[in-house]
1. Assuming a ≥ b ≥ c are the square roots of the Cα gyration tensor eigenvalues, decide whether the stretch 83-175 counts as rounded (a/c under 1.5), prolate (otherwise, with a/b larger than b/c) or oblate.
2. Would you please give the residues with an amide H less than 5 Å from that of Y357, counting only those at least 5 places away or on a separate chain, with H modeled from the backbone geometry?
3. Tell me the Rg and the Dmax, in Å, that the Cα atoms of the stretch 105-148 produce.
4. Determine the alpha carbon to alpha carbon distance for each of K48/K140; K80/K164; K183/K447; K30/K164; K324/K431; K67/K426 and list only those over 23 Å.
5. Per the Kirkwood definition applied to all pairs of different Cα atoms, how many angstroms is the hydrodynamic radius of the stretch 304-349?
6. Can you return the lysines within cross-link range of K425? Criterion is Cα-Cα under 23 Å, with same-chain partners fewer than 8 residues away left out.
7. Rounded to whole Å, give me the distance from the Cα center of the stretch 432-449 to that of the stretch 342-361.
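Any read-out appearing in this document is the output of simple, stated calculations on the displayed coordinates, not a laboratory observation. No experiment lies behind these values; they were computed from the predicted model shown.
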Amino acid sequence: MNNNATILSNVLFSSLGQWDVKQFLLNKIKSIYPVEPLGRHLIHQTEKIQLSDYPDEDFTILGVSNKVGMFDASVKKGKKIKQKYHRVENDWIAYNPYRINVGSIGIKTADLKGSYISPAYVVFSCMETLIPQFLWLMMKSEYFNTLIKDSTTGSVRQTLSYEKLATIEAPIPSIPEQEQILKAYHATIEEAKKSISEGDDFSNGLLFDIQSMISDLKEQDVSTAAASILQIISYSSVSRWEVAFSLKEGKLDKIYSSFKSPIYTIADLTKESLFGLSIKASPAQEVGMIPMLRMSNIVNGELDLDDLKYLPRKTATTVRAPDKWLLRKGDFLINRTNSKELVGKSAVFNLDGDYTYASYVIRYRFDTSIVLPEYVNILFMLPLVRFQIDTMSRQTAGQCNINSDEIGSIRIPVPSISEQEEIIKKYYSTKDGADKFYTKAEELRKKAYTDFEQTIFA
């Protein structure tokens with residue numbers, strides 16, 4: 001926005017596309033590359049399919065978030081989908097016209113199973129003059145986001161229609177130049193991935209070291225490879241009719257027998273537990289609202305406060321229990337629904353202020369005379385617990401679930417409080433080594449985006 005614009009300016013009526021002060025004052029983009037309206041290089045994809053015409057077929061539905069871009073959101077039967085859905089092919093781009101200004105845009109990659117997305121999204125593809133990933137990265141850049149914000153229209157909810165997107169002018173390098181810019185971007189991203197891998201190796205070494213303090217478990221003890229193609233299982237011993245569960249269940253005894261300390265189940269250690277709230281949260285915090293922690297806020301055993309959403313504080317209380325869904329320091333939080341790799345991830349709440357939590361999270365309060373929540377949290381990152389979660393979790397509609405009874409049945413070794421404190425101290429004093437790799441990776445990731453942006457925008 002040009003803050004030095006004169007109060008009075010003469011503008012030809014014919015030069016105005018719309019009566020919008022923001023549009024008039026919008027800075028002209030500076031770039032060493034040709035700046036052209038995006039509409040010259042895009043194709044609006046408007047085809048919609050009535051999936052309910054195929055009532056018994058399963059359809060993987062795509063979603064878009066400002067964190068991960070496009071992802072496989074859910075699996076639904078055709079008969080459950082009443083509206084016509086957009087068809088989406090590889091390298092097509094989709095965005096939420098109401099949330100584009102917060103980065104809600106994604107690109108369909110070959111690894112995604114879904115081919116359909118809600119009619120609420122805008123879907124388009126690129127002509128041969130524009131590489132889809134180049135455009136997607138440009139539209140995710142901070143500078144382009146200012147163009148989007150200044151181009152959105154609407155008095156209550158600012159939206160970016162496809163027609164408006166097509167009028168936005170942006171730098172369009174030649175295809176060889178786009179390829180060269182992407183090559184530099186990917187080279188830096190690969191450095192970041194290497195640093196993450198080094199951090200993972202360091203972290204895994206720490207976790208196995210801690211596991212050896214409380215268990216004699218070896219990696220081969222929980223190998224999921226079957227001993228033979230045919231296995232005889234007694235009917236009376238089957239607790240769940242699921243092949244994967246039956247193959248893994250027999251290995252749990254090896255885990256339990258490896259423990260060096262008294263064995264407790266999570267249920268034994270729990271004073272109380274409670275599911276979170278099933279109430280839609282708002283991305284904007286208004287007066288009287290408090291943050292709601294969701295499954296995306298639990299990352300690597302800690303709470304990540306990026307991308308918070310909010311609820312009125314009163315929704316987390318009742319007359320009889322005024323702090324029913326308000327978190328206390330020391331509360332243990334576990335995610336009960338997620339991908340196979342992430343279901344059962346956990347964290348300990350130790351923040352100041354009022355927070356509540358969502359329904360896909362269960363809150364536990366332990367008997368701290370027996371076990372410390374930080375100790376349990378560390379164990380939930382170890383193979384001896386992760387294998388139990390992997391064995392018990394069930395996959396439905398593309399997501400894995402573990403219920404409260406199954407969580408309660410997880411067994412862990414519980415040494416003395418002083419030994420737990422020693423393990424906690426070892427973990428937090430050593431994990432800084434892994435954090436250095438992760439910090440470097442984040443710096444490289446930001447550098448990749450910054451270099452990309454500075455290359456195309458002068």
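1. Note, shape of the stretch 83-175 comes out oblate.
2. Amide H neighbours of Y357, under 5 Å, 5+ apart: L277, L293.
3. Just the Cα atoms of the stretch 105-148 yield Rg and Dmax of 12.0, 32 Å.
4. K48/K140; K80/K164; K324/K431; K67/K426
5. Every distinct Cα pair counted, the radius reaches 12.7 Å.
6. Within reach: K260, K329, K345, K436.
7. Here the two parts' Cα centres lie 25 Å apart.
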